[in-house]
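Student: Have a look at this one.
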């Protein structure tokens, strides 16, 4: 049989998210108030986040119950399938076994709804009427608009200007789900207007868009802000990916030697990786690898220190790997991986040697994505193709050594809205950042 | 619980396709040779089609075994989920129960791979090295390129010129799977060159593209032609949709009063409908409705008579509903429904009163698609939104009468490559053809 897919019964979908905070070898250092440089108090975050999300952000409970209303919506596409990539193995001529978890089956086409649904739900419960956010290529913006639509919350998305005009179709998806999306920098915030004045030629950045969304939430009634990655509560929500995968690996009667996820802010890597990091801390022998673009090598080359999450220095300072809050990476086509910082959880795990990081240039990543599409069928997002490239490299090492390793990666999303990037790849117009 | 999805176990996936030919109340009239107007002999079709496909086209066996190699690939996304659309029901305030089968989960994003995989497989078995086809918006072209890639067959797609330039992203998908796609009319065929000369301003049509693909297959060695709809063997392959759905309706302990599919060439409607038509002929009380665009109302307004399948009169004459082989419909955004003819099986079932047909204008169809996306989450293809509109109408009738009918429709594909059409809808730029 060429394909094997492992489908977990809906009733066996995990009922709790995993929170790695109490299991961290050393406790995370606290976020700092950007005005005082003092550890931030939970109540100081309330203008921006729902109280339950702040509680989860700092929780020491190892497992957090998933409310029924969230599970009901998860079940629209979850449990997501795990596949054995037999055709890819055959194409590579490797003795390694390659598995991938497919998160592109969600309505928004990526793993992002795992947390957007949860964030919108808790906000709805606490009476939030409007949520602001930023988005790069639109994966997060579309996922949040989907979620806000379910809970009748108004949603405003500040979309990085270059993506707004060059990759307009996730913007269309945001409109389809009823949210309001505008290019950033905009003239609707003080910071946006300042950037427009100071840098009239800018095509925007995630750091700028975050500043705008945060300012909007801080200044408007009944409005909160939502972040699609980086923060602890986002990492918790995404662990449903890895928890499901652990059950599915049991169905396959196998267990990974290597677990791979692409890494921008860290939510996808945390999703597939953290439950396996727990296994590793419990004594299992395995590697967990985060894969970055060489154009934005936060974990690979950034410093591990306190830094701001946004360009206007409005967000709390986080202890994380960072390329500098004002770093603007080249316009690579994996827009979801163009962030100067990274999740403090992921950053510290890398720092402590529990996770590894590697990085690839754009063209070899697209080549890997095409190999995957031509063997397994599904068209991957450029972000996910980073994980594919690393999985292929690990499998090729096995071909040399003869080892029958088990390699697992997360296919974080499909590439249906990235066809313009594939066109450029095929036309030889893609830079090798 | 807001959502319920019914997942059939992989091992319970149907092992045979249903062939309705031996169950037709009156036998189908034979296809005619376009040169002689005489019933065509099987061997006369061999320059275009694999022998096994010709055999299936004329088979009197009620069930046709699905070869293991095809089942293996089907299992990449099959059995596809059946959903209860509870949020849509709630939004409509209807006592009706609405179910939908989701065929957009295939790698190509529609039901088309159900037959493209089968056609490529049988061609591979018989030594075909190259397959030609036509495509409108690209659903079929991408599905065939996916299939040919699996079986290492070269694939050449003649894509209707207007779509090639205006909706380029399914073209990108065709490239991603390694096929060769060119705009039609092209200068690579005699008929294409003639059309370019006679109608220099034409933006192409399916009828023209079919003529080019057929000419290419007829004149080149080891080359066959593949059609994504209309023909009997295509209808057989698609019945896996309805056969799965029948099992899933049993899981739901329910049975449809109305079965709805959009209808262009008829393959999607046949897929969801024919197994239920068998039930109807066996005495079950239900309606099966084909939904067309008002701009191309083949079943609703076309004549039931022999006609050509293509503009150059190269294909056999089929007894079917037709708007005339030279009919070129307005450029509506449901490109998959812009065909002048329809499946002889579907046509005759409509003619005999076993199936019904209805049609809608473009804007009300998009409105229904948006309602679906905002309640159920998935972004539907404009083709599929025709079925959604009809399901909504049937559900609204139930609100008036208080009847608790069970309504089933096929969501034939996702709309990820149709965002430009949604943009036009939201911007008020969509014509109401």
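Student: In µm²/s, what is D for segment B:146-214 at 4 °C and 1.567 mPa s, where D = kT/(6 pi eta Rh) by Stokes-Einstein and Rh is the Kirkwood radius from Cα pairs?
Tutor: On the way: Rh = 12.4 Å.
Approximately 105 µm²/s, per Stokes-Einstein.
Student: To confirm my reading of the symmetry, which residue of chain A has the Cβ nearest the axis that brings A onto B, and what whole-Å distance does it have?
Tutor: Nearest to the symmetry axis by Cβ: A:416, 2.
Student: Follow-up. Using only the Cα atoms of segment B:295-425, build the gyration tensor, take square roots of its eigenvalues as a ≥ b ≥ c, and label the shape rounded, prolate or oblate: rounded if a/c is under 1.5, else prolate if a/b is larger than b/c, else oblate. Show your work: numbers first, answer last.
Tutor: Details: a/c = 2.59, a/b = 1.42, b/c = 1.83.
Taking the square roots of the gyration eigenvalues as a ≥ b ≥ c, segment B:295-425 is oblate.
Student: To continue, here is another question. Across 10 Å bins from the origin, how do the percents of Cα pairs in segment B:15-59 run, short distances first?
Tutor: Calculated P(r), rounded to whole percents: 23, 47, 27, 2.
Student: What full-extension length gain, to one decimal in nm, is calculated for residue A:403 and residue A:126 as 0.36 nm per residue of separation minus the Cα-Cα distance? Walk me through the intermediate numbers first.
Tutor: On the way: separation 277, 0.36 × 277 = 99.72 nm, distance 5.27 nm.
Here the segment from residue A:403 to residue A:126 would lengthen by 94.4 nm.
Student: Can you list the copy-to-copy distances for residue B:61, using a point 7 angstrom from Cα toward Cβ, in nanometres, shortest first?
Tutor: Spelled out, the distances from residue B:61's label point are 5.9 nm.
Student: Please express the shape of segment B:194-282 as an equivalent ellipsoid: the semi-axes are the square roots of 5 times the eigenvalues of the C-alpha gyration tensor, given largest first in whole angstrom. It would help to have the intermediate numbers written out before the result.
Tutor: Values: eigenvalues 288, 49, 16 Å².
Value: 38, 16, 9 Å, ordered largest first.
Student: Give the whole-number value, in cubic angstrom per residue, of the convex hull volume spanned by the C-alpha atoms of segment A:7-92.
Tutor: Values: hull volume 16.8 nm³, N = 86.
It comes to 196 Å³ per residue, whole-number rounded.
Student: Which FRET efficiency, nearest 0.05, do residue B:55 and residue B:202 yield, Cβ-Cβ r, R0 25 Å?
Tutor: Given R0 = 25 Å and the Cβ-Cβ separation, E is 0.10.
Student: Angle check, please: helix A:382-401 long axis (alpha carbons) against the longest principal axis of chain A (alpha carbons), in degrees 0 to 90, nearest 10.
Tutor: Computed tilt is about 30 degrees.
Student: Sorted from largest down, what three extents in whole angstroms do the Cα atoms of segment A:238-322 have along their principal axes?
Tutor: 49, 23, 22
Student: Hey, got the average number of other protein chain Cβ atoms within 10 angstrom for residues in A:368-378?
Tutor: Working: counts 0, 1, 4, 0, 0, 7, 6, 2, 2, 12, 6.
Across A:368-378, the average partner-chain Cβ count within 10 Å equals 4.
Student: I've got another one for you. Applying a 10 Å radius around every beta-carbon, put B:348-356, B:151-159 in order of their mean neighbour count, most first. Before the final figure, lay out each step's value.
Tutor: Numbers: B:348-356: 18.9, B:151-159: 22.9.
Going by the mean number of other Cβ atoms within 10 Å, highest first, we get B:151-159, B:348-356.
Student: A further question follows. What percent do you get for the relative contact order of segment A:161-320 when only Cα pairs under 8 Å and 6+ apart count? Each step should come with its number before you reach the end.
Tutor: Details: 188 pairs, mean separation 30.2, N = 160.
Over segment A:161-320, the number comes to 19 percent.
Student: Send over the Kirkwood Rh of chain B, from the inverse of the averaged 1/r over different Cα pairs, rounded to one decimal Å. If you can, show how the numbers build up before the last one.
Tutor: Values: mean 1/r = 0.0469 Å⁻¹.
One over the average 1/r among Cα pairs gives 21.3 Å for chain B.
Student: Note down the nm distance, to one decimal, between modelled labels 7 Å out along Cα→Cβ at residue B:9 and at residue B:426.
Tutor: It is 4.4 nm.
Student: Considering only DSSP beta bridges where both residues belong to chain B, give the percentage that are antiparallel (nearest 5). Present the calculation step by step, with values, prior to reporting the outcome.
Tutor: Details: 18 of 51 bridges.
In chain B, approximately 35 percent of DSSP beta bridges are antiparallel ones.
Student: Extent of segment B:48-198 along each principal axis, from alpha carbon coordinates, in Å, largest to smallest?
Tutor: So the three principal-axis extents are 57, 39, 30 Å.
Student: Separate question: If you take the beta carbon distance between residue A:286 and residue B:38 as r and set R0 to 60 Å, what does 1/(1 + (r/R0)^6) give as a FRET efficiency, to the nearest 0.05? Show your work: numbers first, answer last.
Tutor: Working: r = 69 Å, r/R0 = 1.15.
So the FRET efficiency works out to roughly 0.30.
Student: Here's something else I'd like to know. Treating the angle as unsigned and between 0 and 90°, give the value, to the nearest 10°, between the Cα long axis of helix A:206-219 and the longest Cα principal axis of chain A.
Tutor: Roughly 40 degrees, rounded to the nearest 10.
Student: Taking each label point as 7 Å beyond Cα in the direction of the beta carbon, state the distances from residue B:429 to the same residue in the other copies, shortest first, in nm.
Tutor: Result for residue B:429, in nm, nearest copy first: 1.9.
Student: Under the rule a/c < 1.5 gives rounded, and otherwise a/b versus b/c splits prolate from oblate, where does segment B:50-94 land using the Cα gyration tensor? Walk me through the numbers on the way to the answer.
Tutor: Details: a/c = 4.54, a/b = 2.27, b/c = 2.00.
Cα axes put segment B:50-94 in the prolate bin.
Student: Under 25 °C and 0.890 mPa s, how fast does the protein assembly as shown diffuse according to Stokes-Einstein, given a Kirkwood radius computed over C-alpha pairs? Answer in µm²/s, whole number. Before the final figure, lay out each step's value.
Tutor: Values: Rh = 27.6 Å.
Estimated via Stokes-Einstein, D reaches 89 µm²/s.
Student: Percent of Cα-Cα pairs more than 14 Å apart in segment A:369-433, please.
Tutor: Values: 1293 of 2080 pairs.
Of all Cα-Cα pairs in segment A:369-433, 62 percent lie more than 14 Å apart.
Student: Let me ask something else. Considering only C-alpha atoms, what is the centroid distance from segment A:383-411 to segment A:242-262, in Å?
Tutor: Using only Cα atoms to place each centre, the spacing works out to 14 Å.
Student: Separate question: Report, to the nearest 10°, how far helix A:139-150 tilts away from the longest principal axis of the Cα atoms in chain A, using its own Cα long axis and a range of 0 to 90°.
Tutor: Value to nearest ten degrees: 70.
Student: Could you tell me which of rounded, prolate or oblate describes segment A:323-369, using a ≥ b ≥ c as the square roots of the eigenvalues of the alpha-carbon gyration tensor, with rounded for a/c under 1.5 and, failing that, prolate when a/b is larger than b/c and oblate otherwise?
Tutor: Since a/c reaches 1.5 but b/c is at least a/b, the shape of segment A:323-369 is classed as oblate.
Student: Just need the relative contact order of chain A here, percent rounded to a whole number, with Cα pairs under 8 Å and 6+ apart. If you can, show how the numbers build up before the last one.
Tutor: Numbers: 973 pairs, mean separation 84.3, N = 433.
With pairs under 8 Å counted, the relative contact order is 19 percent.
Student: Return the average number of partner chain Cβ atoms within 10 angstrom of each residue Cβ along peptide A:106-113. List each step's numbers first, then the result.
Tutor: Values: counts 2, 6, 3, 3, 0, 0, 0, 1.
Counting Cβ atoms of other protein chains within 10 Å of each residue's Cβ and averaging gives 2.
Student: If you don't mind, there's one more thing I want to ask. Find every distance from the label point of residue B:34 to the corresponding label point in the other copies (7 Å from Cα along Cα→Cβ) and write them in nm, one decimal, shortest first.
Tutor: List, nearest first: 6.7 nm.
Student: Share of Cα-Cα pairs in segment B:290-341 beyond 17 Å, in percent? Walk me through the numbers on the way to the answer.
Tutor: Working: 413 of 1326 pairs.
Above the 17 Å cut-off, segment B:290-341 has 31 percent of its Cα pairs.
Student: Summing -39500 (n - 2.57) over the DSSP H runs of n ≥ 4 in chain B and dividing by its residue number, what mean residue ellipticity at 222 nm do you reach, to the nearest 500 deg cm²/dmol? If you can, show how the numbers build up before the last one.
Tutor: Values: 17 runs with 172 residues, N = 433.
For chain B, the value works out to -11500 deg cm²/dmol.
Student: With viscosity set to 1.567 mPa s and temperature to 4 °C, compute the Stokes-Einstein D of segment B:112-226, Rh being the Kirkwood radius across alpha carbon pairs; µm²/s, no decimals. List each step's numbers first, then the result.
Tutor: Values: Rh = 13.7 Å.
It comes out at roughly 94 µm²/s.
Values quoted throughout were computed directly from the atomic coordinates according to the rules given, and no laboratory measurement underlies them. Just so it is clear, the model here is predicted, and its values are computed rather than measured. Note that each Cβ is placed from the backbone with ideal geometry, even for glycine, and that neighbours are counted across all protein chains shown.
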